[in-house]
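Visitor: Submitted below is the structure of interest, expressed as structure tokens.
Readers should treat all values here as calculations from the given coordinates under stated rules, not as data from a laboratory. Please read all numbers here as calculations on a predicted model, not as lab measurements. Glycine also receives a Cβ, built like all others from the backbone with ideal geometry; neighbour counts cover every protein chain displayed.
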Amino acid sequence: MARSGGDNSCLFGPVNSRRLGVSLGIDLIKFKTCTFNCVFCECGATTTLTAQRQVFIPTGQVLKELKDFFGSASPHRPEVLTFSGGGEPTLAANIGEIIRAIKKPHTPRLCLLTNSSLLSDRQVRAEILPADIIIPSLNAVSPEIFARINRPLKGLTPEKIIAGLLELRKAYRGQLLLEIFLVPGLNDTPQELELLLKAARQIAPDGIQLNSLDRRGTEGWVRPMPPDKLQKIKEFFGEFNTNYYLKR
């Protein structure tokens, strides 16, 4: 990730996102602190596997960096500010405070990329409701495949994550796009896809985004999904507004 203000900055980019347009990333997490240790993660293996929320970067620092960025003569004005980076963004205990502070009529849209692991927490859900776009992931429904792909912290189950997604859907008024990262041989089987489709029908997202690897993930055995298979899976989810992307 290219940090906008150097290695200690919480901002990275802006980058041209195929999903979101020109995106300025906001990383609120100490690198590789996450609730999952996903086999496909492009940032590498998780070093701190936890569900303990804390303030990693003070709110004042985040707001100052954003003020400095928008006060500079940068020609790349972002279309969206995206909470993402080297860990699970909702682990930042001050994410709600930051969202409220920067959510203004004249600012770019706010987007959150989340692995959905903390959405069962009512407080987390309340904090992220002002975001314009939330892209939560659900990579598998069967416990075995979920565990093999996400390698989660103990106690995080697909049932718990789906329950959190359903609660979020009830209250959230922004754009909810469900992300499914496809790992060949694991969650692309007819059985797993049927379970994912059933869950998607319950969650009723505004769209589905299918992702596949095109550069090395945490585990070398993870391979990209062939384009023809991606297209077939897109058609399988055809009742939704579905697109697919190669993860970069």
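Visitor: Treat the count of other C-beta atoms within 10 Å as a stand-in for reagent exposure and order ASP68, ASP27, ASP228, ASP188 from fewest to most.
Guide: Values: ASP68 13, ASP27 23, ASP228 8, ASP188 20.
Ascending Cβ contact count within 10 Å gives the list ASP228, ASP68, ASP188, ASP27.
Visitor: Further question on the same structure: Remind me, relative contact order of the chain in percent, using alpha carbon pairs under 8 angstrom and six or more residues apart? If you can, show how the numbers build up before the last one.
Guide: Details: 483 pairs, mean separation 43.8, N = 248.
Result for the chain is 18 percent.
Visitor: Same structure, new question: Using θ = phi - 60° and the Karplus curve 6.51 cos²θ - 1.76 cosθ + 1.60, what whole-Hz ³J(HN,Hα) does each residue of region 180-197 get, with Gly and Pro shown as x?
Guide: Residue by residue, region 180-197 yields 10, 8, 8, 10, x, x, 10, 9, 9, 7, x, 5, 5, 5, 5, 5, 5, 5 Hz.
Visitor: So between ALA171 and THR50, what do we pick up on full extension, going 0.36 nm a residue minus the alpha carbon distance?
Guide: 40.9 nm
Visitor: Restrict the search to region 148-210; then list the trypsin sites (Lys or Arg not before Pro) that DSSP places in a loop and that have at most 14 other Cβ atoms within 10 Å of their Cβ.
Guide: When the trypsin sites (Lys or Arg not before Pro) of region 148-210 are filtered for loop state and at most 14 Cβ neighbours within 10 Å, LYS154, ARG173 remain.
Visitor: If you build the Cα gyration tensor of the chain and take the root of 5 times each eigenvalue, what three semi-axes come out, in whole angstrom, biggest first?
Guide: 28, 19, 18
Visitor: Determine which lysines satisfy two conditions relative to LYS229: a Cα distance under 21 Å, and not lying fewer than 8 residues away in the same chain.
Guide: Cα-Cα hits under 21 Å: LYS198, LYS247.
Visitor: Roughly what angle does helix 59-71 make with the longest principal axis of the chain, taking Cα atoms, 0 to 90 degrees, to the nearest 10?
Guide: Roughly 80 degrees, rounded to the nearest 10.
Visitor: Next up: Per residue of the chain, what 222 nm ellipticity follows from adding -39500 (n - 2.57) for every DSSP H run with n ≥ 4, rounded to the nearest 500?
Guide: Result for the chain: -9000 deg cm²/dmol, rounded to the nearest 500.
Visitor: OK, next. My understanding is that a pair violates if its Cα-Cα distance is over 29 Å; which of LYS67/LYS154; LYS32/LYS103; LYS67/LYS234 do that in this structure?
Guide: Distance filter (> 29 Å) returns LYS67/LYS154; LYS67/LYS234.
Visitor: On to the next question. In whole Hz and in residue order, list the ³J(HN,Hα) couplings for region 38-52 that follow from phi through the Karplus curve 6.51 cos²θ - 1.76 cosθ + 1.60, θ = phi - 60°; x for Gly and Pro.
Guide: So the Karplus estimates, Gly and Pro as x, are 5, 5, 9, 4, 6, 8, x, 5, 5, 9, 10, 8, 7, 10, 7 Hz.
Visitor: Here's another thing I want to ask about it. Taking 7 Å along the Cα-to-C-beta vector as the label spot, tell me the LYS154-GLU219 distance in nanometres, rounded to one decimal.
Guide: Result for the modelled spin labels: 2.0 nm.
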